[in-house]
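Notes to accompany the following structure.
The values are calculated or read from the model by the stated rules, or taken from the named source; none is laboratory data. The structure presented is a predicted model; accordingly, all values stated were derived computationally and were not measured. A quick note on method: Cβ atoms are made from the backbone with ideal geometry, for glycine too, and the neighbour counts reach across all protein chains shown. These accessible areas exclude ligands, DNA and RNA; they are computed on the full protein's heavy atoms, side chains included. Shrake-Rupley method; radii C 1.70, N 1.55, O 1.52, S 1.80 Å.
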Amino acid sequence: MPLKASIIPVTPFQQNCVLVWDDQSLEATVIDPGGDVARIQQEIAARGVTLKQILLTHGHIDHAGGADELREKTGIPVTGPHRADAILLDHLEQQGRAYDIRGARNLVPDTWLDEGAQVTIGGVTFDVLHCPGHSPGSLVYVSKELRIAFVGDVLFQGSIGRTDFPYGDHEALITAITTKLLPLGDDIAFVCGHGPGSDFGTERRTNPFLQG
């Protein structure tokens, strides 16, 4: 595989911030820098890669709380999520105080993303899928070439994203998973926002939230 990845657990929620880079060019993307920016920068330096992109799956504190600080320290723009998560990004500092996550900053991304857009990670094209439910603007990034996806908190091994927020929508989340993700193929592996990853086939067959 031309891409390499390192998972950096950040914040008290142990969110899977992901550093992804091309093994030849050493150009890197950070996905969901929720906090602990110094730790993220240490990993970038340790891998000897050059950061080219900061990418967000959605606007929750543990995924986006460190994005503005990382942008300021590196000069690298922030891309994503969908504009529907602006209401969350506008209140990251408030979320940080509520969850005792220090240093969180409100954020306006340099680029919002919509369904049907594409992003390039280490020279590989990823399709952008809007998968609301956990948050209004949650996005999933899928490479059909490499058969891999970064799904944020949309889908987990044996579970799905929480929808018990005021803006959550369980039905919308299930619909997004079953109509946008699973049809892409059982062999697509995914990295999720917390815990171990899985693949679409295993979740289609065994995830209790997707049965019936």
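Can you tell me which condition G161 does not meet? The list is (1) of a type in the set (G, A, S); (2) surrounded by 23 or more Cβ atoms within 10 Å (Cβ to Cβ); (3) closer than 18 Å to A5 by Cβ, and all the others hold.
G161 satisfies all of (1) of a type in the set (G, A, S); (2) surrounded by 23 or more Cβ atoms within 10 Å (Cβ to Cβ); (3) closer than 18 Å to A5 by Cβ except (3).
Starting from the stretch 42-53, take each residue that is polar (S, T, N, Q) and list its partners that are open to solvent by less than 50 Å² (accessible area, probe 1.4 Å), counting only C-beta distances under 8 angstrom and pairs at least six apart or across chains.
From the stretch 42-53, the pairs are T50/A28; Q53/A28; Q53/T29; Q53/V30; Q53/I76; Q53/T79; Q53/V119; Q53/I121.
Please verify whether P136 is in a loop (DSSP other than H, G, I, E, B), buried (at least 21 other Cβ atoms within 10 Å of the Cβ) and touching a strand residue (DSSP E or B) at 6+ places or on another chain (Cβ under 6 Å), treating the condition exactly as stated.
no
Mind listing just one residue for me: the one in the stretch 77-111 that is free of Cβ contacts under 8 Å to residues at least 40 places away in the same chain and under 30 Å from D23 (Cβ atoms) and, of those, most open to solvent (accessible area, probe 1.4 Å)?
Filtering the stretch 77-111 for residues that are free of Cβ contacts under 8 Å to residues at least 40 places away in the same chain and under 30 Å from D23 (Cβ atoms), the one most open to solvent (accessible area, probe 1.4 Å) comes out as D110.
Kindly indicate which of G116, G122, G212 is open to solvent by 50 Å² or more (accessible area, probe 1.4 Å) and modelled with pLDDT under 95.
After ruling out the rest, the residue left standing is G212.
Search the stretch 182-209 for residues being of a type in the set (A, V, I, L, M) and touching a helix residue (DSSP H, G or I) at 6+ places or on another chain (Cβ under 6 Å), and hand back the single one that is least open to solvent (accessible area, probe 1.4 Å).
Among residues in the stretch 182-209 that are of a type in the set (A, V, I, L, M) and touching a helix residue (DSSP H, G or I) at 6+ places or on another chain (Cβ under 6 Å), the one least open to solvent (accessible area, probe 1.4 Å) is I188.
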